[in-house]
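The values are calculated or read from the model by the stated rules, or taken from the named source; none is laboratory data. The shown structure was predicted, so the numbers you read here are calculated from the model rather than taken from an experiment. Ideal geometry is used to build each Cβ from the backbone, glycine not excepted, and the neighbour counts take in all protein chains shown. Keep in mind that these areas ignore ligands, DNA and RNA; they rest on the heavy atoms of the full protein, side chains included. Shrake-Rupley method; radii C 1.70, N 1.55, O 1.52, S 1.80 Å.
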Amino acid sequence: MLDTYPSLTANWSYPTAVRFGPGRIKELAETVGVAGMAKPLFVTDPGLVELPIVANALAVLAKAGTAHAVFSKVDGNPTLKNLDDGLAAYRAGGHDGVISFGGGSAMDVGKLVAFMCGQTRSVFDFEDREDWWTRANAGGIAPIVAVPTTAGTGSEVGRAAVVTDPSDHTKKIIFHPNMLPRVVIADPELTVGLPAKITAWTGMDALSHSLEAWCSPFFHPLGEGIALEAMRLIKEWLPVAVEDGGNVNARAFMLAASSMGAVAFQKGLGAMHAMSHPCSALRGTHHGRTNAVVMPYVLVRNMPAIAERLAALARYIDLPGQSAASVVEWVLELRRRIGIPNTLKEIGVDVDVIPEAAPMAEHDPSNGGNPVPLMADDYAALYRNAISGAL
Ligand SMILES: NC(=O)c1ccc[n+]([C@@H]2O[C@H](COP(=O)([O-])OP(=O)(O)OC[C@H]3O[C@@H](n4cnc5c(N)ncnc54)[C@H](O)[C@@H]3O)[C@@H](O)[C@H]2O)c1
Ligand SMILES: [Fe+2]
């Protein structure tokens, strides 16, 4: 057993300042001060705002006398309207920074509010393409403190946020280096109440980040090292976190693995994300759950280019057989164990989506990181397989 440490509390300064450990939400008010804010907007979602973890976090701010307001009009796949409403709340309240508290949805809306409060152009002018981020007024970006309450997206250590463009119904990735939160509080106790299903779905998002990063063809050894260790942690701890949600150790290792996945995917993503984004935009499916469903189909499609990499992964995470095929077997077994359906059809995506989704997948920025070049026709075939269950 490698995962034995005297304590699971630590301060990291990579890729930003991270205060990691159970109970550290009690440092929220101090952290807000360190990040340079006096009157933060606390951005969360409508489910979380009813839970004691939000009440406790707000009580920490109130006790320290930190003026703040709460914004929680955030959808599961955030929309432009969510961002516009958040910006209006930010401006009306005279805020000087954002606390992004929640899963990827709330964290991303919070990050976008902090980014957009100082811009004059449309948010979609800052999509993650070429050097579009250089169009931004970097000085106008407000500070962000991020507090993840799911273990999956890793958005707390990422420089991007995802929002749906109503003009073409696509999920767009908005990027700016200064969207990286100044300080992160990664408190695994906040994820203890996460229902088993969402634990499974978000954990598989973390796996898809690491697996796609590991397989993508670009030169980025830092990302590769982090991806491998994240996948070992996920193999050991995701089933435990799903089956025994109160296990704080399992929650802590999954929270770390989630951040690691996001750091690793600076290397690149691939067809799992390229297929998943259109499903969420067109059919409202959960991001991590969709990645989990398409994962084995994409691995098999990419196999000619990734067999050696998968075999190396199998050796590192100690899979029986230690071969590329054993990685596919492991993914299938993990999905079964944590209750992920086998087909897209079971999560509400049927063949009628293919004519629209396949070209969207080709044009998704994640497609550029896939180890095998894929065009719309290839994606149509992949969607057909993932809908019918033909592996
Ligand atoms: N910025 C990035 O790099 C990045 C990466 C991957 C995904 N994303 C985005 O993140 C979003 C998905 O985020 P997610 O998977 O974390 O889900 P989510 O934020 O949509 O949350 C899912 C549900 O879990 C609930 N929830 C969250 N924390 C909880 C807790 N501790 N206890 C009980 N319930 C809790 C929420 O209220 C919500 O109903 C997608 O929109 C996706 O596009 C962003
Ligand atoms: Fe993702």
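Tell me, what is the percent relative contact order of the chain, built from C-alpha pairs under 8 Å that lie six or more residues apart?
15 percent.
Can you tell which of P40, T170, G223 lies farthest toward the positive end of the dipole of the chain, using +1 and -1 charges on the Cβ of basic and acidic side chains (Lys, Arg; Asp, Glu)?
In the chain, that residue is P40.
Accessible area of H363, 1.4 Å probe, to the nearest 10 Å²?
120
Where Lys and Arg each count +1 and Asp and Glu each count -1, what net charge lies around L2 among other residues with Cβ under 14 Å from its Cβ?
After counting each charged neighbour, the total is -2.
Highest mean first, what order results for 226-232, 379-385, 58-64 on Cβ atoms within 10 Å?
Per-residue Cβ counts within 10 Å, averaged per peptide and sorted highest first, yield 226-232, 379-385, 58-64.
If you take the charge dipole of region 237-391 about its Cα centre, with +1 on Lys and Arg Cβ and -1 on Asp and Glu Cβ, which of V331, L374, M275 is farthest toward its positive end?
Final value for the positive-end residue is V331.
Hey, which aspartates and glutamates would be in cross-link range of K235, C-alpha to C-alpha under 18 Å, not counting anything within fewer than 8 residues on its own chain?
Reachable aspartates and glutamates: D3, D205, E212, E224, E243, D244, D318, E329, E333.
Using θ = phi - 60° and the Karplus relation 6.51 cos²θ - 1.76 cosθ + 1.60, list the HN-Hα couplings for region 260-270 in order, rounded to whole Hz, with x at every Gly or Pro.
Ordered by residue, 3J(HN,Hα) equals 5, x, 5, 5, 5, 7, 4, 5, x, 10, x Hz.
Please list, in chain and number order, the residues 5+ apart from K172 or on another chain whose amide H is under 5 Å from its amide H, with Hs placed from the backbone.
V163, T164, D165
What relative contact order, as a whole-number percentage, does region 283-391 give when Cα pairs under 8 Å and 6 or more residues apart are counted?
Normalised by residue count, the contact order of region 283-391 is 31 percent.
Given labels modelled 7 Å from the Cα in the Cβ direction, how far is it in nm from W12 to A92?
3.8
Of G245, N11, A292, which is farthest along the charge dipole of the chain in the positive direction, counting Lys and Arg as +1 and Asp and Glu as -1 at C-beta?
Going by the charge dipole, the pick is N11.
Starting from the Cα of K81, draw a straight line to each of the lysines and keep only those under 27 Å, dropping any in the same chain fewer than 8 residues away.
Those lysines meeting the cut-off are K39, K73, K111, K171, K172.
Given Cβ point charges of +1 (Lys, Arg) and -1 (Asp, Glu) and nothing else, what value in debye, to the nearest 20, does the dipole of region 1-148 about its Cα centre take?
Once rounded to the nearest 20, the dipole reads 440 debye.
Once the mean 1/r over all distinct Cα pairs of region 262-371 is inverted, what Kirkwood radius in angstroms do you read off?
Radius from the Kirkwood sum: 14.7 Å.
Which whole-number percent gives the relative contact order of region 57-163, counting Cα pairs below 8 Å spaced six or more residues apart?
30
Excluding I347 itself, what net charge comes from residues whose Cβ is under 11 Å from its Cβ, given Lys and Arg +1 and Asp and Glu -1?
Every neighbour counted, the sum reads +1.
Quick one: helix 221-243 against the long Cα principal axis of the chain, what's the angle to the nearest 10°, folded into 0 to 90?
90
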